[in-house]
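Here's a structure for you.
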Amino acid sequence: MVISVINRSDFLSKATFSAITFNMCIIGILAIGQGFVVISGGILDLSITVSMLITSFMSVVFYDLGWNTPLLIIASILCAGVFGLFNSILVVWLRINPLIVTLATGFAGGGVLLIVFDRKLVDPKSWIADFGTSHLFGFPTSWWPMALLTIGAHFFLKYIRVGRHFLAVGGNPLSSKAMGISLKRMRVATFVGASIIGGIAGIVFAGFTPEIRPNSGSYYTLPVIASVVLAGFSLAGGRGSFLALFVSVGFLSTIPTALVFFGLESIWQTFIQGFILIIAVSIDAYRIVKVKGR
């Protein structure tokens, strides 16, 4: 970003600001859900983008059926919550590795969406489309859910007892269990909560695109994970800041815009994000080894 500002004085323009904030919307919301999974010791939820797509598809289905807006939003997000509950059952009661579970349910869920829906067109005159393209107080309207969720997640983690339990369970599950914290309930809450947050991203995503496809979420997997790790969330659990996550999402969201200014192809975005992820994971691994070596 610094290089872009130095080389192109027009980088800090209103159009650039709008592009960056639009990029932050989906990635930021998904990263918050992913952050809760990581911080609680659940490693990663590789199916969170499917939670997003479930809500996106269902919101359009319910809109076409004539449902009112509040009911439509709640019902669509609850569908994602049910998906998260299914993940938690496999992880908690069958004790399958979360990475394996969410990788499998991600592919299976995407396959079901492909079979049932194939694709869905969003009515350009609907409130869903208006929500995705309108602005509020100089920011995209769809940026505000991400900003409010960030603030809410920060206060929940730092000042609410249940929120601190997420940190405790991720940092030291045995001590947490000795303190009377139910590890099973926390793990269920983690995956259901992450899917619900992914569902919120789904409402925003439905307003972004005129056509929803089952593979639309694959683009977001890498930047979401990179944002979480870059923000300092430990993949071992027990450490992370949602305010730092907001900053890392903003930083990574400048990459697509910066590439346009430099005239580079979009493939470089994947390379840069992957490179950043490797560095961040390496630092996290070194920190974990150093702590264990004490």
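Each reported figure results from applying straightforward, stated rules to the coordinates on display, with no laboratory input. Computed from a predicted model, the values in this text were never measured in an experiment. Virtual Cβ from ideal backbone geometry, glycine too; neighbours counted across all protein chains shown.
Place the peptides 19-27, 156-164 in order of packing, highest mean first, counting for every residue the other Cβ atoms within 10 Å and averaging per peptide. Mind dumping the intermediate values first?
Values: 19-27: 22.1, 156-164: 13.4.
Packing proxy ranking, top to bottom: 19-27, 156-164.
Helix by helix, which DSSP H runs in the chain go 20 Å or more along their axis at the Cα atoms and have an average Kyte-Doolittle hydropathy of 0.5 or more? Walk me through the intermediate numbers first.
Numbers: long enough: 14-39 (35 Å, 1.66); 48-64 (25 Å, 1.54); 69-88 (29 Å, 1.82); 98-116 (26 Å, 2.03); 143-159 (24 Å, 0.83); 183-208 (37 Å, 1.37); 242-262 (30 Å, 2.14); 267-292 (38 Å, 1.16).
Those that clear 20 Å and a mean of 0.5 are 14-39, 48-64, 69-88, 98-116, 143-159, 183-208, 242-262, 267-292.
Right, next: Would you calculate a helix-derived [θ] at 222 nm for the chain, using -39,500 (n - 2.57) for each DSSP H run of n ≥ 4 and dividing by the full residue count, to the nearest 500?
Numbers: 13 runs with 215 residues, N = 294.
So the calculated ellipticity at 222 nm is -24500 deg cm²/dmol.
If you don't mind, there's one more thing I want to ask. With r defined as the distance between the Cβ atoms of F156 and I267 and R0 fixed at 35 Å, what FRET efficiency is calculated, to the nearest 0.05?
Working: r = 38 Å, r/R0 = 1.07.
The formula returns an efficiency of 0.40 here.
Among 89-99, 51-61, 243-253, 104-114, how do they line up by average Cβ neighbours within 10 Å per residue, starting with the highest? Please report the intermediate quantities before stating the final value.
Numbers: 89-99: 15.0, 51-61: 27.0, 243-253: 20.5, 104-114: 17.2.
The packing order, highest mean first, is 51-61, 243-253, 104-114, 89-99.
Taking the dipole about the Cα centre of the chain, with the C-beta of Lys and Arg at +1 and of Asp and Glu at -1, give me whichever of S51, G171, V37 is farthest to the positive side.
G171
How high is the relative contact order of region 161-294, given as a whole-number percent (alpha carbon pairs under 8 Å, six or more residues apart)?
Numbers: 85 pairs, mean separation 31.6, N = 134.
Once normalised by length, the contact order is 24 percent.
What's the whole-number percent of alpha carbon pairs in the chain lying beyond 35 angstrom?
Details: 7549 of 43071 pairs.
Considering the chain, 18 percent of its Cα-Cα pairs are separated by more than 35 Å.
Here's a follow-up. I want to check the label-to-label distance for T209 and A178. Put each point 7 Å from Cα in the C-beta direction and report it in nm to one decimal.
4.8
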